[in-house]
Amino acid sequence: MTSSIEVGVKSAQTDADAEVRQRALQEELRELVDVVGPASLVDLLLERAFQLNATDVHLDPTETGLRVRLRVDGMLHDVLQLPSNLIGQVMSRLKLMAGMDITERRFAQDGHISKSVIKQHRDIRVGSGPTVCGERLVLRLMPDDRVLTGLHELGFEPDQLARVQQAVEIPYGVVMAVGPVGSGKSTTMYGCLTQRNRPTESILTIEDPVERRLDGVVQVQVDPKIDFSFVKALRGVLRQDPDVLMIGEIRDPESAHIAVRAGLTGVTVFTTLHASDSVSAMDVLREFDIPPMFLVDGLKCVIAQRLLRKVCSHCREEHPVDPLAAQVLKLSPEEAASQKLARGKGCDFCFHTGYAGRTGVYEVLAISSELRQAILRNDGQDDLRRIAIDAGLVTLEQSARVKVLRGETTVEELLSLVSTFGN
């Protein structure tokens, strides 16, 4: 039997309102193009993007106009095609709001639209760059400061959650989230910070940029323009008596060494790293010349993660397990016959994709005694992974399979996950 699904919706009225907004968005914007100025059009576009929980707005010049798209649940959706005569006004409006040079179109620029300017609870990061058809803009809609996601809300399986929560409370050492860009690593680290955020501890972060403002946490933003890098910020804050330190991202050997040494000298360090899975993180840190002894003593927990789209609750339907799905899910004929899977038919609420919202899938690697000895021996990645699985590691693929069988996501999402790390 398929278990009930947490759809993450506050109320039925909120669902209905969102569905109406999404269905009418394209028509609303197209109608306004001819009757309002660029300022009103930009304001409405941003307002609707926030309402739809978009993470990015793409404005791409083409030979015939400006293509406007919203990224929702990791996928881009076309919402508007502006005529050529409005491109300059719309782009200038956005660049002015972001404090950028509107006369410079030859080079990339970065800007920032504060929440006070747009009367929202979220900031916007703006990046521009030249293309063969003109200048493009990408707007990154930062998370809402008022909404903090706890670790228990992210999609961990119960055993994984218990292991992470235990690691977060360790008084020293490194807890690391790994995965590609856009896999939710920062959200996981903020969840760790939220658990440790208490008045009795000194908590600092070093970020680029600061994505969420946290009460009780001292947050530092690096600034490459004045040569204030992660490394320089790290060296500074380690002299300021931190108990907990979050480093937005380990990018180079120097920051890796400082982070691990901080974990060895009595600081709880939360950080992120680009690696395909939890065991691959060991190889990346080895390439940064972290000594094996530092790895096994300093690294307490590695969380590998991805985001999968959830089946839309508005158009959800159940269906039997076909032979291909049974093979992917490793079900016997008897198990497949008694199992039902879920999918979305596609509706206005989900942009006819069949998906609405996302959930995390994880593998949580703790340094067991067997794994410790293997790292000290400089064993290869395959051997480390075998030892970790023998010790009970639940892999990303296994975590995703559980969510498919529960009806939270689909076999197609599982296959897209597997393709990202070659398992």
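The values are calculated or read from the model by the stated rules, or taken from the named source; none is laboratory data. Since this is a predicted model, take the numbers as computed values, not measurements. No Cβ is skipped: glycine too gets one built from the backbone with ideal geometry, and neighbour counts run over all protein chains shown.
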Cross-chain or 6+ apart pairs with Cβ under 7 Å, the range 221-234 first and within 17 Å of His257 (Cβ to Cβ), then assigned to a helix (DSSP H, G or I) and of a type in the set (D, E, K, R): Val231/Glu254
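Can you list the strands (runs of 3 or more DSSP E) lying wholly within the range 46-137 that have 3 or more residues being within 25 Å of the chain's Cα centre (by Cα) and touching a residue at least 24 places away in the same chain (Cβ under 8 Å)?
The qualifying strands (runs of 3 or more DSSP E) are 56-61, 75-83, 124-131.
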Qualifying residue in the range 148-165 (condition: surrounded by 15 or more Cβ atoms within 10 Å (Cβ to Cβ) and in contact with a Lys or Arg (Cβ under 6 Å, 6 or more places away or on another chain)): no
Residue that is modelled with the lowest pLDDT [pool: residues in the range 333-366 that are in contact with a Cys (Cβ under 8 Å, 6 or more places away or on another chain) and outside any strand (DSSP E or B)]: Phe349
Verdict on Gln195 being assigned to a helix (DSSP H, G or I) and not basic (Lys, Arg): yes
Subset of the range 343-373 [out of contact with any strand residue (DSSP E or B) (no Cβ under 7 Å at 6 or more places or on another chain), within 20 Å of Val175 (Cα to Cα) and either of a type in the set (Gly, Ala, Ser) or surrounded by 15 or more Cβ atoms within 10 Å (Cβ to Cβ) (or both)]: Ser368, Ser369, Leu371, Arg372
Filtered residues of the range 151-192 (kept if within 17 Å of the chain's Cα centre (by Cα) and assigned to a loop (DSSP other than H, G, I, E, B)): Leu154, Gly155, Phe156, Gly179, Pro180, Val181, Gly182, Ser183, Gly184
Test set (1) in contact (Cβ under 8 Å) with a residue 12 or more places away in the chain; (2) closer than 21 Å to Tyr362 by Cβ; (3) part of a helix (DSSP H, G or I); (4) among the aliphatic types (A, V, I, L, M) - Leu148 fails condition number: (3)
Residue among Ala325, Ala336 that alone is surrounded by fewer than 19 Cβ atoms within 10 Å (Cβ to Cβ) and not β-branched (Val, Ile, Thr): Ala336
